[in-house]
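Each remark here refers to the structure printed beneath this line.
The values are calculated or read from the model by the stated rules, or taken from the named source; none is laboratory data. It should be emphasised that the depicted structure is a prediction, and the values quoted were computed from it without experimental measurement. Cβ placement follows ideal geometry from the backbone for every residue including glycine, while neighbour counts extend to all protein chains displayed. These accessible areas exclude ligands, DNA and RNA; they are computed on the full protein's heavy atoms, side chains included. Shrake-Rupley method; radii C 1.70, N 1.55, O 1.52, S 1.80 Å.
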Amino acid sequence: MVASCLASPLCTWLVAACMSVSSSEKDQFWKTSSNFQSLGRRRKSITKCNSGSLVNGSGMTSCWNTCFGFAPCEEYYKSQGLSASFSSLFAENPFSVFGFKQVPLNRRQRRMRAAAHSGKLMAVAVQPAKDATAKKKPLMKNRRVVVTGVGVVSPIGHDPDTFYSNLLEGISGISQIEAFDCSEFPSRIAGEIKEFSTDGWVAPKLSKRADKFMLYMLTAGKKALADGGITEDLLQDLDKARCGVLIGSALGGMKVFHDGIEALQVSYKKLNPFCVPFATSNMGAAMLAIDLGWMGPSYSISTACATSNFCILSAANHIIRGETDMMLCGGSDSAIIPIGLGGFTACGALSQRNSDPTKASRPWDMDRDGFVIGEGSGVLLLEELEHAKKRKAKIYAEFLGGSFTSDAYHMIEPHPEGSGVVLCMEKALAQSGVKREDVNYINAHAASTPAGDLNEYQAILHCFGENPELKINSTKSMTGHLLGAAGSVEAIATVKAIQTGWIHPNINLENPDKGLDMNVLVGSKKERLDIKVALSNSFGFGGHNSSILFAPYNNNV
């Protein structure tokens, strides 16, 4: 506490003073300083200096002028509470700070003393305090965030219109796995992408080396830019220091890493030199930023199946704080390989309805037996409103905000009372300033798990059950669970619902759980809905909860 009280006002101007005097003045300074220390034997006679107390501001200044031969620097006059610090901290021995009380010096203090005597104090010792004042940012006006582009790679379509049209028609993307022989696995179905091409989106050499999670991400990101009207010419005109990429992955490059382990069984010389960077979850976002030349925030967040929502909200916050004008954000995952399928099977999390794949993912249905693993990527182009209006961009929806919480309960199981989910949705409302009665559409996490679906449903009703217009659906009933990509793909479904005025059905909800209100859950056919505010939930292993909010863009607000 002593150090914190003295370091800013006192030590800073002492250092500044040492730097500002000439060599002869420095010699005189240290002589005078020594003389001042010798006065300690006559404390009582100098308790008062001129007409002021030693711990009084004016008295202290006069004393310094008399004893040291120079006045305090500007930082001293700016300081608040120096007198109080001295009087409270050194009431018993107010002179101990000046050297009368012998206190052992640590290494840094000895180094600073030696530097002071040699006249080699660095200018940086004083500069930060001045810079902090000079560079203080003005308060930002309210910056609104809008969605101006979307890109998707999914089991039911690789462009937003096809993707959402298939959702509205209730078409399932769940099928038998074809990528490898899984005949010995108890679960042999997935939301597997059967046909995918990077032509025109990713360089051929990179396409041969990179993991699919990265290829999906790069492709979806480029498609989001194209959908947002970011042409090559416009891309060159953007302030790239104010454009960023925040796209995450739950599992990263599992296939690349698995191949590296197999190669290592032969020799380390067989390892692909890209096996480590292409396996890490941040590298997709990094490669996209490198490709675009975007020099703003570029990183990834990994919070299991809540990854995308964490990325979307964090990206929006960069824009709101005035750090960027444009962000690509979302998630990507591709774990339909033996280790991925086997790992989730070992957790007991996957559906084993192998004979009828399209019926396997069935949120809120009594016959559900686990989720269906899927793969893909979703990327949203978020943009500051005035920036978007200036370039006459198409606006899908406005991003209102959101929140994160933790169950702090179990590694895999959700909290039985749904307390973390309730807290997350309540905080999302509070932080975005949205009234609960305005939320009339929820794209639920609902992954088709026995406990998770009901817990989320009950938490939703706890928060929004009084709203007679409330409608809930689950995109996972048709795509399966896309892991870290789920939130962004579902966010795209949410903004497309706002754009079109149609919400997609819950397929396979044939035998609803007891206590479910089918007036709240969307049925087997698409429904018309005038969406006021939409909320999209994503939860992940480890108890990660996330809720984000979108609304139709209103230019009059």
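Here the contact order of region 233-343, divided by its residue count and restricted to Cα pairs under 8 Å and six or more residues apart, works out to 42 percent. I'd like the distance between the alpha-carbon centres of region 306-381 and region 224-274, rounded to an integer number of Å. For region 306-381 versus region 224-274, the Cα centre distance is 18 Å. Both radii are taken from the alpha-carbon atoms of region 283-329; with Rh as the Kirkwood radius, Rg/Rh is 0.96.
Solvent-accessible area assigned to carbon and sulfur over region 148-551 amounts to 53 percent, based on a 1.4 Å probe. Residues whose amide H comes within less than 5 Å of that of Ile174, counting only those at least five positions distant or on another chain, are absent (H built at 1.01 Å from N in the peptide plane). Applying 1/(1 + (r/R0)^6) with R0 = 25 Å to the Cβ-Cβ distance of Gln265 and Lys194 gives a FRET efficiency near 0.25. Legend: distances between Cα atoms for Lys392/Lys435; Lys392/Lys476; Lys222/Lys389; Lys476/Lys532; pairs beyond 32 Å are Lys392/Lys476. Leu271 sits with roughly 60 Å² accessible to a 1.4 Å probe, with DNA, RNA and ligands left out of the calculation. Using only alpha carbons, region 152-215 has a radius of gyration to Kirkwood radius ratio (Rg to Rh) of 1.03.
Here the Karplus curve 6.51 cos²θ - 1.76 cosθ + 1.60, taken at θ = phi - 60°, turns the phi angles of region 165-170 into couplings of 4, 5, 4, 5, 7, x Hz, with x standing for Gly and Pro. Estimated at 0.36 nm per residue, the fully extended path between Lys390 and Glu413 surpasses their Cα-Cα distance by 3.6 nm. Between Asn519 and Ile171, the C-beta separation translates, for a Förster distance of 35 Å, into a calculated FRET efficiency of about 0.90. Rounded to the nearest whole Hz, the Karplus-based 3J(HN,Hα) values (6.51 cos²θ - 1.76 cosθ + 1.60, θ = phi - 60°) of region 383-392 follow the sequence 8, 5, 3, 5, 5, 5, 5, 4, 9, 6, with x at glycine and proline. Classify region 148-551: rounded, prolate or oblate, from the alpha-carbon gyration tensor (a ≥ b ≥ c, eigenvalue square roots; a/c under 1.5 rounded; otherwise prolate if a/b is larger than b/c)? Here region 148-551 falls in the oblate category. A simple spin-label model places pseudo-atoms 7 Å from Cα toward Cβ; at Asp233 and Asp291 they are separated by 2.3 nm. Distance between the pseudo-spin-label points of Trp502 and Asn272 (7 Å out from Cα toward the beta carbon): 4.0 nm.
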